[in-house]
Amino acid sequence: MSKISYVNGRYIAHRHAVVHIEDRGYQFADGVYEVIPIAKERIVDGDAHMDRLESSLSALRIAMPASRTVLNTIIQELIAINGLKNGLIYIQVTRGVAPRDHKFPRLTKSALIMTAKSTKPIARDLLENGVSVITIPDLRWKRCDIKSVSLLPNVLGKQKAIEHGAFESWQVDADGNVTEGTSTNAWIVKDGVILTRPRGPEILGGITRESIITLAIKNGLPLREQAFSVAEAYEADEAFLTSSGNYILPVIRIDEKPIGSARPGRITQNILKIYREYVGLLD
Ligand code: PDD
C-alpha cells in the first residue's frame with residue numbers, strides 16, 4: 001500500500017506530495033508543527049496537541065488552518081487510509097506561499113500538510129538498558145515554548161549526540177541548568193523525587209511531560225517542577241527523557257558518567273509502566 005499524505009486540501013501519494021518553493025516555511029521557517037502519537041490506532045492526548053498547535057500559531061499570528069473537528073477528521077482519514085496502527089502524525093502549518101519578503105504578506109492563506117508514519121515498538125534494548133545523553137550549550141532563541149519548525153540548533157545538537165555514540169543531547173542554559181533535549185524533555189530523580197524544569201519560554205511544554213506530571217501526582221509519586229543543573233544531573237539517582245516519539249526512555253549515562261547504578265531506575269520503570277498503561281501499550 002503506498003503511503004498517503006495530506007497537502008492543502010488533498011490526499012495524495014506521499015512521493016508526489018510537494019509544496020511551493022516560496023512557502024514561507026521553506027524560506028523563513030515561518031511556521032509551526034505538531035507530532036501526535038498514535039497507539040493502537042488511537043490518538044494519544046489529541047486535545048492537548050491541538051491546544052499547543054493553536055497556541056504556537058497564535059504566537060506567530062497565523063490563524064488555525066481549519067477547525068479542530070476538520071483537523072481531527074484529516075488525522076482519522078490518514079490513520080485509516082495508511083492502515084496506521086502505531087506511529088506518528090506530523091502536522092505542519094506555515095504562513096503560506098508569497099514572494100520572498102520578510103514582513104507578513106497581506107493576502108496569503110496558511111499552508112497545511114500532514115503525514116503519517118508507522119513506527120515499530122520502542123526497542124526492548126532501549127527500554128531495558130537505557131540510553132546515554134551528552135550535554136551541550138543551549139544555542140536557541142528565547143521562545144522555545146513555540147513549536148516552531150526552526151530547528152537548526154536541535155538538528156545540530158542531535159547529530160552531535162549521534163556522533164558521540166549517545167541517543168540525545170541535553171541543552172544547558174547560561175546558568176548551567178538543563179533546559180531540555182533536542183526533541184525530548186529532560187528529567188532526573190533525586191532522593192525519591194522526580195524533577196523536571198518548569199514550563200516557560202526556555203522549554204517546549206511537552207505533551208508527554210504534562211501527562212506524566214498528571215499521572216505521577218495521581219499515583220502518589222513525589223514530583224517537583226524545578227530546574228536542575230548538570231552537576232545535579234550527574235549526582236542523580238535516576239534520569240529519563242520523554243517525547244511523543246519515544247514516550248519514556250531511561251537515561252543511564254550523562255556525558256559518559258553513570259547515573260545511579262547505570263541501570264534504569266525503579267521510579268523510572270514505575271512511571272514507564274504507568275505511562276504505557278495510560279497510552280494503552282501494555283499487553
Ligand atoms: N519533539 N522538547 C523539544 C525541543 C521537542 O522537540 C519535543 C518533541 C519535546 C517533547 O514534547 P512532546 O512530549 O509533546 O512530544 C520536548 C517532537 C517529537 C519532534 O520534534 O519530533
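The values are calculated or read from the model by the stated rules, or taken from the named source; none is laboratory data. Fair warning: this is a prediction, and the values are worked out from it, not measured in the lab. All Cβ positions, glycine included, derive from the backbone under ideal geometry; neighbour counts span all protein chains shown. Side chains are part of the model used for accessible areas, which takes the heavy atoms of the whole protein and leaves out ligands, DNA and RNA. Shrake-Rupley method; radii C 1.70, N 1.55, O 1.52, S 1.80 Å.
Any idea how many residues of the stretch 185-202 are away from the ligand (no atom under 13 Å from the Cβ) and acidic (Asp, Glu)?
The qualifying residues number 1.
A quick yes/no check of all residues on (1) under 19 Å from residue 35 (Cβ atoms); (2) away from the ligand (no atom under 14 Å from the Cβ); (3) out of contact with any strand residue (DSSP E or B) (no Cβ under 8 Å at 6 or more places or on another chain):
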site: 205; (1), (2), (3): yes, no, yes
site: 210; (1), (2), (3): yes, no, yes
site: 214; (1), (2), (3): no, no, yes
site: 220; (1), (2), (3): no, yes, yes
site: 223; (1), (2), (3): no, yes, no
site: 226; (1), (2), (3): no, yes, no
site: 230; (1), (2), (3): no, yes, no
site: 236; (1), (2), (3): no, yes, no
site: 244; (1), (2), (3): yes, no, no
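Anything in the stretch 223-235 that is closer than 15 Å to residue 198 by Cα, without any contact (Cβ under 8 Å) to a residue 40 or more places away in the chain and of a type outside the set (A, V, I, L, M, F, W, C)? List them, or say none. Of everything in the stretch 223-235, those that are closer than 15 Å to residue 198 by Cα, without any contact (Cβ under 8 Å) to a residue 40 or more places away in the chain and of a type outside the set (A, V, I, L, M, F, W, C) turn out to be 224, 225, 226.
Check whether at least one residue in the stretch 246-261 is within 16 Å of the ligand (Cβ to nearest atom), over 29 Å from residue 155 (Cα atoms) and free of Cβ contacts under 8 Å to residues at least 40 places away in the same chain, and report yes or no. The answer is no; no qualifying residue exists.
Being modelled with pLDDT of 95 or more, aliphatic (A, V, I, L, M) and in contact with a Phe, Trp or Tyr (Cβ under 6 Å, 6 or more places away or on another chain) holds for only one residue in 155, 172, 133, and it is 133.
In the stretch 95-102, is there at least one residue being of a type in the set (Lys, Arg), open to solvent by less than 60 Å² (accessible area, probe 1.4 Å) and at pLDDT 95 or above? Yes; the residues of the stretch 95-102 include at least one that is of a type in the set (Lys, Arg), open to solvent by less than 60 Å² (accessible area, probe 1.4 Å) and at pLDDT 95 or above. Among the residues of the stretch 15-34, are any open to solvent by less than 80 Å² (accessible area, probe 1.4 Å), within 15 Å of the ligand (Cβ to nearest atom), of a type in the set (A, V, I, L, M) and touching a residue at least 60 places away in the same chain (Cβ under 8 Å)? Among the residues of the stretch 15-34, at least one is open to solvent by less than 80 Å² (accessible area, probe 1.4 Å), within 15 Å of the ligand (Cβ to nearest atom), of a type in the set (A, V, I, L, M) and touching a residue at least 60 places away in the same chain (Cβ under 8 Å), which makes the answer yes. Of the strands (runs of 3 or more DSSP E) lying entirely inside the stretch 128-220, those containing at least 1 residues that are surrounded by fewer than 14 Cβ atoms within 10 Å (Cβ to Cβ) span 131-137. The number of residues in the stretch 228-255 that are open to solvent by 20 Å² or more (accessible area, probe 1.4 Å), out of contact with any Gly (no Cβ under 9 Å at 6 or more places or on another chain) and part of a loop (DSSP other than H, G, I, E, B) comes to 4. Could you say whether any residue in the stretch 37-45 is over 20 Å from residue 279 (Cβ atoms) and in contact (Cβ under 8 Å) with a residue 40 or more places away in the chain? No: zero hits. Restricted to the stretch 48-68, and to residues there that are open to solvent by less than 40 Å² (accessible area, probe 1.4 Å) and within 14 Å of the ligand (Cβ to nearest atom), the residue that is farthest from residue 95 (Cα to Cα) is 48.
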